[in-house]
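The structure appears below as structure tokens.
Quick note: the coordinates plus some simple rules give every number you see, no bench work behind them. From a predicted model like this one, the values you see are computed outputs, not experimental measurements. Glycine also receives a Cβ, built like all others from the backbone with ideal geometry; neighbour counts cover every protein chain displayed.
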Amino acid sequence: MTNLTFCATAAAVAFSATAAFAETEITWWHAMGGQLGETVNKLAEDFNASQDEYKITPVYKGSYEETLTTGIAAFRAGEQPNVMQVFDAGAATVIGAKGATIPVQDLLANNGVDFDINDYIAGVRYFYADSDGKMIGMPFNSSTPILYYNVDALEAAGVTPPKTWEEFQATTAPALKDAGYIALSQSHLPWIFTENFMSRHNLPFATNNNGYDGTDTQILVNNDAIKAHFTAVSEWKDDGLFEWYGTGWGDNAKPFEEGKVAMWLGSSGSFGGLLQKDLPFEFSATELPYWEAVTAEPTQTFIGGAALFAMSGQSDEENKATAEFFRFLTAPETQYFWHQETGYVPITEAAYEVAKKDGHYDRYPAAEVGVNQLQDKAGDNTKGYRMGFYVQIRDIMNREYGRILTGETDVETAFKTIEEEANELLARFAKTQG
Amino acid sequence: MKRAGFDNIWLPVALLLPQLMIIAIFFYWPAGWALQSSFYLQDPFGFGSTFVGGENYTSLVGNDQYKRVAGFTIIYSVLVTFFSLAIALLLAVKADKVIRGAKTYRTLLMWVYAIAPPVAGFMGILFFDQSTGPLTKFFQMFGWDFKLGVDYNATATAMVIVAVWKQIPVNFIFFLSGLQSIPRSVREATMIDNRSATGRFWQVTFPLLAPTAFFLLIINITYALFDTFGIIDALMKGEPGNNPMTLVYKVYLDGFRGNDLGGSSAQSVILMVLVLLLTVFQFRLVERRIHYT
């Protein structure tokens, strides 16, 4: 009897093993914590439920930096996941390592998934592409910096959200100050006031076509337009029109959520979170302001956030599963779900149309601001930038900007330091590729 | 006296082997790798690499930020070591005199020892919160607009305070047991010779505590240089920005956040050499002045 049970159990185990074997399993390492992580899990569940050939398992690996570092270590040990989420600043590292990933465009083409780069929203298209315009990473959570404002505060001050920095300086900010508010805070100086300062004004950010065409790149951050901007920002701070609460994202968002600061420059991806917080005032958003003195016609901004990369060294079946997952992920319905839940922009025009048709933007006009901004006029310098060791370059910017805003250094010296240290890092990065 | 020894050479070797293997696997082997990769610039994924000779080292010498971090590390280590030793010694001397409720008093002083450095860092964040932190308000009473994560000096002060607070109990335990091992007869004899309590302390008690103090000095310098990593990391809240940092933290940032393996390796080799020099200095110069009973 015991023997019989044993045989039956063994048979059952063997059977379920073969059944499980028929389902190709792939893993996805990501950096989406909290509410975003739950939405990621929901995406994976939906994909797994939509068919029975493939199964994806999402694994949370910590912050963007931690996910990249863990992924690199895993790759060197031959234990890499199928899909890895890499953030904007890590793009040069992962794209530079040719052979570490399968370009998403090749992956999809090899596995019979239709792909046309023009299906994607203009500002999203080339950010994770190579110099020939081939898409390497699949844009996943894409956002862009926009200006959130406290509707009640602006009404009390009798002003409208500013379109230009000139308007902010002359009208909006002084009125908000008189109404008892700090006019502005922002959450990411390198992303909002540097990278997107360049794209908004169509200024070159680096040589070599913003770094896309080679590794012997030099940063072009030390220019008069941005120096004038930072001079203005530190004057605003001295006049009580702007406040800086440190380098952390949340530290600068908090005073806006508390109603002390009237306007906050954050990510279009912050929208879902702000909505859930049930703020004690009505908020809305508008596009990132620009300097009229620099450009009469503002251009589209860069995306921030992260992309999904298909790691190399996996079996054909698993690559097929990854391709199918990407097909599912870029479907308009999936994108619309992701857009609604998080506030990240829909990455394809088809998904944008679905959101429009469903009346999402009539309900939440602020949700459309980021999408619109990414579809503003394109320029030579708006498709993206590609610089190695960019995580460290951002840290250098943060350090020097912090020193400007605490009076430890002046704008001129700070930008000279950023330029010198960044160029040294870029030269070092070029050698790592040798 | 008969000299004890092993008849067989293999037995002591076998007994030493586990320890030697641990040192080899967890220290010599990675240290060797660090030394090697400090002469290269390599793609983090391991595809490309270039031999650059001493460039990773020379670029550090000319880097203002590296000098600033090194300067901060020295000041930070001196402050943390000094204050955690001084305050712990004071508390130990006072605790030694308490008779009623001595156990409760001592337990309370040792309690903080159980807190892990990152947890101490997070408690620091609460205490130094920009808008609600009680210590922030305390400093503001004196007219210092204390802003953690914004003002360099404020963040540095917070790092020193949390690190000192976390280390006092360890020093306290050692100082107290050191004090209690001083024979009663010696104490009574000094009572007759010297009426001043301060004089007795510096002339008799402190020299007798010197071996403990020397041991603690080494432990505390190592603590300030290396073990405060968790506190610094927590107080920075994930963004180095314009915050102060120690050399060890910079090794981590450049290697694990920035993926610059060559530059980070060069920095850790420099740190290894520094620790070696420090150890030699301590045992050659300082220990000679100390008398063990």
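Placing dummy labels 7 Å off each Cα toward the beta-carbon, the span from B:LYS67 to A:ASP358 is 5.8 nm.
Other chains near B:38-44: what is the mean number of their Cβ atoms within 10 Å of each residue's Cβ?
6
When you restrict to C-alpha pairs under 8 Å that are six or more residues apart and normalise by the size of chain B, the relative contact order lands at 29 percent. Taking 19 Å as the limit for the C-alpha separation, the pairs B:LYS67/B:LYS250; A:LYS42/A:LYS320; A:LYS61/A:LYS98; A:LYS357/A:LYS377; A:LYS163/A:LYS416 exceed it in the case of A:LYS42/A:LYS320; A:LYS61/A:LYS98; A:LYS357/A:LYS377; A:LYS163/A:LYS416. Annotation note: trypsin sites (Lys or Arg not before Pro) in region A:141-218 located in DSSP loop regions with a Cβ neighbour count of at most 12 within 10 Å are absent.
Along the charge dipole of region B:214-293, which of B:PHE214, B:SER265, B:THR246 sits closest to the positive end, that is, farthest toward it, with unit charges on the beta carbon of Lys, Arg, Asp and Glu (+1, +1, -1, -1)? So the residue we want is B:PHE214.
Rounded to the nearest Hz, the phi-derived 3J(HN,Hα) couplings of region A:199-216 under the Karplus curve 6.51 cos²θ - 1.76 cosθ + 1.60 (θ = phi - 60°) are 5, 4, 9, 6, 9, x, 9, 7, 6, 6, 6, 6, x, 6, 8, x, 9, 7, where x marks glycine and proline.
Considering only A:ALA228, A:ALA253, A:ALA183, the Gaussian network model of chain A with Cα springs below 10 Å gives its largest mean-square fluctuation to A:ALA228. Close amide H contacts of A:THR27 (hydrogens built in the peptide plane, cut-off under 5 Å, sequence separation of 5 or more or a different chain): A:THR57, A:ASN82, A:VAL83.
A simple count of charges around B:ASN220, restricted to other residues whose Cβ falls under 14 Å of its Cβ and scoring Lys, Arg +1 and Asp, Glu -1, yields 0. Modelled spin labels at B:LYS94 and A:ASP119, positioned 7 Å past Cα toward Cβ, are 7.2 nm from each other. Springs join every pair of Cα atoms under 10 Å in this Gaussian network model of chain A, and among A:TYR390, A:TYR361, A:TYR336 the largest mean-square fluctuation is at A:TYR361. The overall shape of chain B, judged from the alpha-carbon gyration tensor, is oblate: a/c is not under 1.5, and a/b is no greater than b/c. The residues neighbouring B:PHE45, those whose beta-carbon lies less than 14 Å from its own, together hold a net charge of -1 under the Lys/Arg +1, Asp/Glu -1 convention. Couplings 3J(HN,Hα) of region B:199-214, computed from phi: x, 4, 4, 6, 8, 10, 4, 4, x, 6, 8, 3, x, 4, 5, 5 Hz, in residue order, whole Hz [Karplus 6.51 cos²θ - 1.76 cosθ + 1.60, θ = phi - 60°; x for Gly and Pro].
Pairs of Cα atoms nearer than 8 Å and 6+ residues apart set the relative contact order; for chain A it is 25 percent.
Which of these, A:HIS201, A:HIS360, A:HIS188, has the largest mean-square fluctuation under a Gaussian network model of chain A (Cα springs below 10 Å)? Most flexible of the set in this elastic network: A:HIS360. Between helix A:34-50 and chain A there is an angle of about 40 degrees, using the helix long axis and the longest principal axis of the Cα atoms. With N as its number of residues, region A:380-426 has a Cα radius of gyration that, divided by 2.2 N^0.38 Å, comes to 1.24. Here the 3J(HN,Hα) profile of region B:166-175, calculated from phi with Karplus coefficients 6.51, -1.76 and 1.60 at θ = phi - 60°, is 5, 8, 3, x, 4, 4, 4, 4, 5, 5 Hz, Gly and Pro shown as x. May I ask for the distance between the Cα centers of region B:46-70 and region A:269-324, given as a whole number of Å? After rounding, the separation between the Cα centres reads 34 Å. For A:MET84, neighbours were defined as the other residues whose beta-carbon sits under 15 Å from its Cβ, and their charges (Lys and Arg +1, Asp and Glu -1) total -3. For the protein assembly as shown, the 222 nm mean residue ellipticity estimated from helices alone, with every DSSP H stretch of n ≥ 4 adding -39500 (n - 2.57) and the total spread over all residues, rounds to -16500 deg cm²/dmol.
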